[in-house]
Structures are given as structure tokens and as C-alpha cells.
Amino acid sequence: MKIFLGNSPWSKKGFYGVRAGSRWPHFEDARHEYMPFPFFLAYAAAVLEEYEHEILLTDGIAEKISEKEFINKINSFSPDLILLEVSTISIDVDLALAKKIRCLVGKNAKIALSGLHAFMYGPDFLKQNSFIDFVLIGEYEYTLRDLAECLEKNQNYSNIPGLICKSADGSIVVNQRRPLLSDLNTLPWPARHLLPMKNYHDEPGNIPRPSGQMQASRGCPFGGVFCAWPQIVYGNHKYRTRDPIDVVDEFEWLVRICGFQSVYFDEDNFNIGSRRILKICSELKNRQLNIPWAAMCRADTMKPDMLEAMVESGLYAVKYGVETYDQNILRASGKGLNIDKVKETVLLTHSLGVHTHLTFMFGLPGETKETAQQTIDLALELNPESLQFTIATPFPGSRFYNELKEKGMITCNDFSQYDGFHSAVVRTEALSSADLEEIVKRANFLWRKHISTRKPPILNNNKEDCVSVIIPNYNGKKFLPACLNSLLQQTKVNKEIILVDNGSEDDSVEFVKNHFPQVEIIGLSTNTGFAQAVNQGILKATGHFVAVINNDAIAATNWLEVSCNFLTEHPDVGFCASKIVKLDNPNIIDSLGHGIKRSGYSFNTGNGVKDLNQDHVSRVVFGAPAAAAVYRKSMLDDIGLFDEDFFMYLEDLDLSFRAQLWGYKCIYIPEAIVHHLGAGTSGKQYCKDNVYYIVRNTLYVMVKNMPRQILKSHYMRILGFLLYLQLFHTFKTFHSWSGLKGFYNGLKNLRKMIIKRKRILGGKRVHDEYIRKILINCEKEYKKFKINS
């Protein structure tokens, strides 16, 4: 039987809808990327495939297709049964589309609806919408399977648990809810092969991309009146779990087979049941996956030994729902959270180096201006990496909705306004809807002000801490002996050396295995570029410091020692730039640090100038070229790794810019000397590929990082520099076409970079004036060395 499963397109000007997979369907700003994985659709498809049905699963929102394209997919597939996942917030749009589909397919196909819309769980819905054949109640994977089997075999389906349908005489049959699946291990893994997996984004703490989403449990044993899934989807508060071995099997498959760089457990409460969680963590460690992961957890059920085990197995970030400071409001809402335990857990989480995302809610019964302010104060005190302020919004059909409606506390019956972010649809005894909207605006303003002034986290570092050295390599066998020998001879004893090979074809890997057994090797099947190779090494690294060095570079014996010692003695410094000189002519400077002008022109300070020891003291610089740089690992955990969209060139400048915006200093250390050949992999400085990436990535750096005020004040300089860049590559390097191609693709990917810009500048901890002064200082440095060249 041919079955179409769909999450249909849903958008409005400037926004896209989030429906399937979301605990609260809503609109997201079009500049955002958040996209939850549609678990029920994916599990349902997998179940149907087990019964050898032919499936087309289309997530119109994640695929970013139009309604016309979505309908065309249905038409081309010619299904016998169509299932659409809907929601109360989008129901008008959903029904309008279902009606169009009915006109298209006529009586050749049956149409079924499922999802978060409690008002379709009674007989009136099918009476009022005769073009719909079935409604599937709540958790629907096996209800859909039974329906498909009955339709295919032409059997009676009117008694299927969890199904609402029409009988032969036209009356509506409403069957009881299907009992919840008691053994989640009987479910096959989601049919991810049918979905655009790289399009799903929910990455707490900026866990690396691509990130895979999975679930280890279903349900919530607690009684929060505002939670939709337990009440509408599951119909109760039962908590069900999967076998830890099966959970880790799926985790490993996502990492080793599918290539995901991180995993997020997107479920109501991951951390319930210590023995189960400890078993999952133990299994993750035993399999040596070494992949960062994140989870949605409950703060007051998090035990110290559990959290420590989670961290040891790779926990990178966690989401905690706090909701409100007031214990009485929490108790009345059914959340039952212990706020003192929340504070204790969040502090412990931070102390273990784990990123946190906290959620808060205004407008629960009993809310006043005083309690709202206490909640804001708590959020600022806890100082998570990120947070979310929402307005309490009762999901239609929930206990919360029914209670507020009975008390006359609901102020809006237009379900499209039930977004929870900007529009208040309720009031409290003390606060109007307008009051609540002002409170959430004020809360967001104070949070933005807070993060613009907070300092980056400082972790305690010991002089004897390990440094992880990362060497990206592509066909660099001829350079490796000198590079690796220089690293093995370092005076810094406590170190690990990791070679990340980008699919070399010159036997680099075999050579290193045979001649340098001390070196750990990460072998990639193809050339993934500099950024991804280095990131792979960083994810594997266990040191408190991370050094990155090119394969065509040779480090002085004290390079690591002086760099790591400086970082240890100066906890306010995030990373160090080395004194890099030419390998073939050590009297000529290659780089004394990165610089960038307000025009966007970037440069290696001192490049090509004779080394007269003119920069013999440590000083603040803009950034560190990754040909030879040492980073504090905690800084990389905080700001994120190299941007893999750059592939190669300027990814180190981009990371330096992000570090500056987030409050981390870079110091040039003249004693940290490295000899660098340059262009060892590409063969020459300006080949056509180099020119393409340099031009394209110049646009990426500017769009992602340059503060708005600087762009606005110096747009003529910027335009002038971009024109110069193209002329230079036309008449000097003779790669005009590569330059134009770089500009074209840079502009083509502008939206993607703007989305990243929002994330980076939204988290900046310094004022624009600080960045402006740094850029002016870069210009002074450039002129100083230009005069001496």
C-alpha cells in the first residue's frame, strides 16, 4: 500500500512555522534555524516500512518547499492513504490544505490527521470537515499501522483503538485511546533515510553540526498543567524508557554510520532513573565514541554522581526548565520543582564545564510584578549560556486551558495568536495581558544587556595540564617528519599529538603509523577541508589547551611550554599567537598575529618584513593564525569551533573575531617561535582554489562578525576594498573568474551567514566601541610594518 506522511508547509511573511516534533507549535523568525525532528512521523514511517508498505515521508517545513511543491509530491506519488500531522495553532492552514488535497485526489485516497489538536478528538470534527476520513488520537504509530493493514486487506477498521472514523451509515465512531506502547524497544529506529537530516537544528550550547536528534524515553511523570504532550499526545503522565544498550546502539549508528558530530536527546525528561542513566553513560564511554551530546533534563532530579557520569561520557550541554522563581506558583502549576535544588544543580553543571540553556515563563496563576522580577533576577543570577523567556500560554485541550477558561482568564480565542513568545492570551489576578507582554519584553532587554557585559567564564588551569596538538594533513607526507619530530622534542612533557588526515593519497597515514607510533591518527575518507579536520581533532582532544599547527611548520622546542605557561599565568587570555617566520628564510617574518581593518581587509602582521626583533615583547593582537596557535580549550567550548562552511582559509580569522566579540583576548608571544613554509598543501599562495575561498570567506567573515555600527559607518571603505580585491585577482593573480565565483557564492550563502551572525552578535560580551578600537589598532600595526617593509 502506498502511504504518504507529511508535515505540510506553514509560514507567514518573515516567519516559518514549527509543527511536527515541537512540544509547542509556533512561528520562528525566518532568520532563525531551529527545526525539531518529527519523531512521530519518522517512527510511524519506520513501523509501516516493517510491514512492507511503500512510504513517502515529506517534511515540507524542513525541506523549505512551497505548498504547491508539497501537493505535487502527493500527486506524483499517488498514495492510497495520506496522513498529515496538524496542530491547533496551524489548524486553519492545515484544513485548507487538506481540502485542496481532497480536490486533487478525489475518492482515490483516504486522508487522516494526527497531532496536537485536542479539538479533533471528538465526533464533531469529522462531521464539520467531511473531506477528512480519519483522526488518529495521540501516540499514533501503531494506530496508523492497523489502519493501513485494514485498508489494504479491505477489512473493518471501525474498532481500531485510537481511531476516529465514519461508519458505513455515516455516523462518527470515536474509539478509546490506544493504550500507550509499554515497551519502547519494540519500536524500530526512526526512518531517518526518508528525511533531510542535515536540515534539523536544535543544538543546545552550540554542540557541533551536523547534530542528530534521538529519544531515550517518552512521557513525563510530573503534573505540569502547561505541558501539552503528556496531556494531549500521551493522555497521562506515564514515563517509559528504552533499553540503554539499544539507546547507545542508535547513538553509535548516528555517529559512526551517519556521520553526525553531536547528538541531542530531545525528550521531556532524559535524566529520570539513576541506574538507567549511569548504564547509558557507561556504555558510551566503553564504546569510546568521544562525541559531545546534550539533553533536556529536570534540574531537581539531577544527582551529582549522575551528572558527573554524564559529563565523563561526553555531556556538553543541558536544557533545564525552571519556569519561575516563586515556589508557590511552581507548586500550583503542578511542576513541583524545588527552586533551591535548581540553583544547586545549575551551579554544579557550570562547575563541570557544561553549557546550560534555561527556560522561564511569565503569567502562571499567581504571577505578580514582584514575582516576575524575582524570576528575571534568578535568570541573571544563574547566568546560563542561553535562555528563553515565554508567556504562559494554555494549549487548547489541556487542563490549564480548561481551568483558565472556566475562570475567565483567557483573553484571546484566536488560536493563531497562541505563540507564547510575543502575544499574551491570558491574564492573572494581578496582571493584564498587556502587562505580561511588557514583562517579557523587559526580561529580554535585561538579558541582552546582561550578556553584553558579562565576562567569559574562567576555569582553573594547572601548569602541568595537558596540551593536545592538532595537525591537519592532506598529502603532506614529505612535510610530516620534520613537523612531528619538532613536536616530539618539545620541552612540554604533558602532551598528546593528533594527526587528522583528510583522505591523503600519498600514504601519509601508513607512514605515520610506522614511524611515529606515539601519534594518534584520525583518518577521514575524503578531504573535508582544514576547518572540519581541526574540529575532529579538537573533539578528540583531552587537553586543557589545544595547539593547532600546519603540517609544513616546524616548532621551536619551547613553543608549547611558553604558550601554555602564559595561558596558565593569565586566565583572562583565551588564546596565543606565535612568532611565525619563513621556513626557507628565518630572517623574514611570516606572521606576528592576525589583523583586520574596518574595511574588512585582513592580514598577517609583519608578513614579508625582515625580522629585526622589533616585536620582542608580548602584546595584545586581534587573532592567531592557525598555522601555529594555542587555544584555551574552555574558550573553544564556550565560543564554538572553526566554521566548517569555510572549508579552508580565513576560518582562523573568523574564530579570532568571534573570540574577540565574546570577550577573549589574544596575546602575541615572541618566544613561541615556529618556522612555516606556507602553501605546503596547495602548492602556491594564489592558485584558483585559494583565490575562490579567500574571496568567498572574506564576505563570510564580514557578514558573520562585523558589528552593525562599523558596517554602517564604513560601508564605502568596505565597498572599495571589495572592488580592490577583485581587481587584484584580475590583474595580479590572473584568477578573475575564481574571484567572481567567490563573490557569487559568498552572496548566494548570505542568508546562512546572517543566521550565524545573529547567534554570534547576540551573544557578544563587549561593546561595539571596543571592537572599533581594536580594528583601529590593527590599522596602526599594519602601517607600522608597511613603513618598515
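The values are calculated or read from the model by the stated rules, or taken from the named source; none is laboratory data. As the structure is a computational prediction, the values presented were derived from the model and not from experiment. As a convention, Cβ positions derive from the backbone with ideal geometry for all residues, glycine included, and neighbour counts pool all protein chains shown. Each accessible area value is taken on the protein alone, full model and side chains, heavy atoms only, with ligands, DNA and RNA left out. Shrake-Rupley method; radii C 1.70, N 1.55, O 1.52, S 1.80 Å.
Quick notes on this structure:
- Label-to-label distance, residue 665 versus residue 406, with points set 7 angstrom from Cα along the beta-carbon direction: 6.2 nm.
- One Cα centroid belongs to segment 189-204, the other to segment 547-572; the line between them spans 39 Å.
- Overall, the chain carries a charge dipole of about 2420 debye about its Cα centre when +1 sits on the Cβ of Lys and Arg and -1 on the Cβ of Asp and Glu, all other atoms neutral.
- J(HN,Hα) series, segment 147-157, from Karplus relation 6.51 cos²θ - 1.76 cosθ + 1.60, nearest Hz, glycine and proline x: 5, 4, 5, 5, 5, 5, 9, 6, 9, 5, 10
- Centre separation in Å (Cα based) which lies between segment 315-384 and segment 119-184: 40 Å
- In the chain, the portion of solvent-accessible area held by carbon and sulfur atoms comes to 51 percent [1.4 Å probe, whole percent, DNA, RNA and ligands not counted].
- The Kirkwood hydrodynamic radius of segment 86-241, based on inverse pair distances between different Cα atoms, is 17.7 Å.
- Extension gain, residue 617 back to residue 769 (0.36 nm per residue minus Cα-Cα distance, nm): 52.1 nm
- For segment 456-572, the solvent-accessible area with a 1.4 angstrom probe is 41 square angstrom per residue.
- Helix-only [θ]222 nm of the chain, DSSP H runs n ≥ 4, -39500 (n - 2.57) each, per residue, nearest 500: -11500 deg cm²/dmol
- Residue among 404, 35, 518 farthest towards the positive dipole end of the chain, charges placed on Cβ: 35
- For residue 572 and residue 288, the FRET efficiency from 1/(1 + (r/R0)^6), where r spans their Cβ atoms and R0 equals 51 Å, is about 0.90.
- Degrees between helix 736-748 axis and first principal axis of the chain (Cα, 0 to 90, nearest 10): 30 degrees
- Across the chain, Cα pairs under 8 Å and at least six residues apart give a relative contact order of 8 percent.
- Span from the segment 597-654 Cα centroid across to the segment 1-59 one, whole angstrom: 42 Å
- Between 0 and 90°, nearest 10: helix 39-50 axis offset from the chain longest Cα axis: 80 degrees
- Rounded to whole Hz, the Karplus (6.51, -1.76, 1.60) HN-Hα couplings of segment 567-581, x for glycine and proline: 5, 5, 7, 10, x, 8, 9, x, 7, 10, 9, 8, 8, 9, 10
- The phi-based Karplus calculation (6.51 cos²θ - 1.76 cosθ + 1.60; θ = phi - 60°) puts the 3J(HN,Hα) values of segment 294-310 at 9, 7, 8, 10, 9, 5, 8, 9, 8, 8, x, 5, 5, 4, 4, 5, 4 Hz, whole numbers, x for Gly and Pro.
- Relative contact order of segment 496-602, pairs being alpha-carbon contacts under 8 Å that are 6 or more residues apart, as %: 17 percent
- In this rough spin-label picture, where each label sits 7 Å from Cα along the Cβ direction, the residue 780-residue 238 distance is 7.1 nm.
- Restricting segment 6-103 to chymotrypsin sites (Phe, Trp or Tyr not before Pro) in coil, as DSSP defines it, with at most 15 other Cβ within 10 Å: 34, 51
- Members of 279/495; 100/127; 597/665; 107/153 lying beyond 21 Å, as alpha-carbon distances in this model show: 279/495
- Under 20 Å, Cα to Cα: Lys pairs in segment 312-377, sequence gap 8 or more or different chains: 4
- Relative contact order for segment 1-47, counting Cα pairs under 8 Å that sit 6 or more residues apart, in percent: 31 percent
- Label zone of residue 515 (point 7 Å out along Cα→Cβ, amide N under 15 Å): in segment 554-569 this covers 554.
- Reachable lysines from residue 748, criterion Cα separation under 20 angstrom, eight or more residues apart if same chain: 64, 198, 688, 704, 756, 758
- If the chain linking residue 175 and residue 257 were pulled fully straight, counting 0.36 nm for each residue of separation and taking away their Cα-Cα distance, it would gain 25.4 nm.
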